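The values are calculated or read from the model by the stated rules, or taken from the named source; none is laboratory data. Because the structure is a prediction, the values reported are computed rather than measured. Every residue, glycine among them, receives a Cβ derived from its backbone with ideal geometry; neighbour counts consider all protein chains shown.
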Amino acid sequence: MRFIYFVIQVFLLITISSYYTYSQVIPDFEMTFKVINEFGEDSVNVGLSTNAGAGYDEGYDVIDTSEWQLPVDLRIYDPDAVNQLGNNCRHFKSSYLDFPSQNTYQIEEFEREFTLVLHIDLEQINNWAEGNNCNDERVLAGTYLNYNLSPMYEYQFRNNIGFDFDIIDINPSGNISLVATDGYYYRTWISPEEFCLSIQAYNFSAVPECGIDIFFNITLTIKNKQFVNIEAATKATQITVNNNFIRIENAFPFKNYTLFDISGRLLKQHAIVNNKTTINTGQFNQKILILQLNDSNNSNYLIHKILNL
């Protein structure tokens, strides 16, 4: 009986240990890119993680050490990992970049860029295909880049940091066109959709020393919904109340103030000089006052309720 109990304990420890080890390599966000044509397909995974860092992270990034395989071989090139790995042509099948982890409320917007590299028989690319609709037979009959934005779209609603994916840009190498437009910088708003961008290629190699025929620079633009503009906050109009005195500082753009009682009766109005002023309210004998600030054109207003004078 003790032996059985011991076995159960060991099993639980191994299971828990495996769970935590595995959970450490799960990115906060991940999406798959594929290149597909009638002769074959290949895919890579990219993502963002609060645990990732610049360069190569063992346990996160997965290096593809195999030789290039035709007809379609898609990899990820990480310039930050080149020096670390000591090989300019080392490529990945999965790669994760970092989310900002400190003082995120001060970050209004940031970008993360992945570079996808493709080895393919350019003569097999169907150059008449065009479009980005995954239901369009003209696209599916050719060679196309496939990806789904649903993971990014869904992450916006489940992360508690305030990160909000905004735009994805795909900038191909000079020897290819996306959606039949040469030199096009493919840009789309983040939405829960699948895209199949047709690829048109000219028959020459972009980076011949690494066996690369085509590359795509994929840039993710992320905004922060919890961003706090410290400079604007410190320069904002400040209203303080103490012992029947109302003090207004950093009043710009407001140039005048008007004071009402709670019933709306006008008590006092005056210009604000040198971006600040002090109002003595003792004479009004009111516990609640309404303070209105306005600019010289009466186009900007700030209404503030003053309590417990």
Scan of the range 128-150 for residues that are surrounded by 18 or more Cβ atoms within 10 Å (Cβ to Cβ), over 28 Å from G162 (Cβ atoms) and not β-branched (V, I, T), ordered by number: A129, E130, G131, N132, L140, G142, Y144, L145, N146
Selection count, the range 239-260, where residues are surrounded by fewer than 17 Cβ atoms within 10 Å (Cβ to Cβ) and part of a loop (DSSP other than H, G, I, E, B): 5
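Of all residues being of a type in the set (A, V, I, L, M, F, W, C) and modelled with pLDDT under 90 in the range 273-288, which is nearest to N256 (Cα to Cα)? Just the residue, please.
Filtering first and then ranking leaves V273.
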Members of the range 261-291 that are in a strand (DSSP E or B), farther than 12 Å from I246 by Cβ and either outside the structural domain of I239 (by TED's automatic domain parsing) or not β-branched (V, I, T) (or both): D261, L266, Q269, A271
Neighbours by Cβ (under 7 Å, 6+ apart or cross-chain): first from the range 145-159, closer than 19 Å to I199 by Cβ and touching a residue at least 12 places away in the same chain (Cβ under 8 Å); second in a loop (DSSP other than H, G, I, E, B) and of a type in the set (D, E): L149/E193
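Here is a yes/no grid of residues against (1) aliphatic (A, V, I, L, M); (2) surrounded by fewer than 19 Cβ atoms within 10 Å (Cβ to Cβ); (3) at pLDDT below 85:
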residue: S18; (1), (2), (3): no, yes, yes
residue: T21; (1), (2), (3): no, yes, yes
residue: N37; (1), (2), (3): no, no, no
residue: L48; (1), (2), (3): yes, no, no
residue: E67; (1), (2), (3): no, yes, no
residue: R75; (1), (2), (3): no, no, no
residue: G86; (1), (2), (3): no, yes, yes
Any pair with Cβ under 7 angstrom, 6 or more apart, that starts in the range 50-61 at a residue that is within 10 Å of A81 (Cα to Cα) and ends at one that is in a strand (DSSP E or B) and at pLDDT below 80: none
Test for S101: is it in a strand (DSSP E or B) and either under 21 Å from T219 (Cα atoms) or assigned by TED's automatic domain parsing to the domain that holds L197 (or both): no
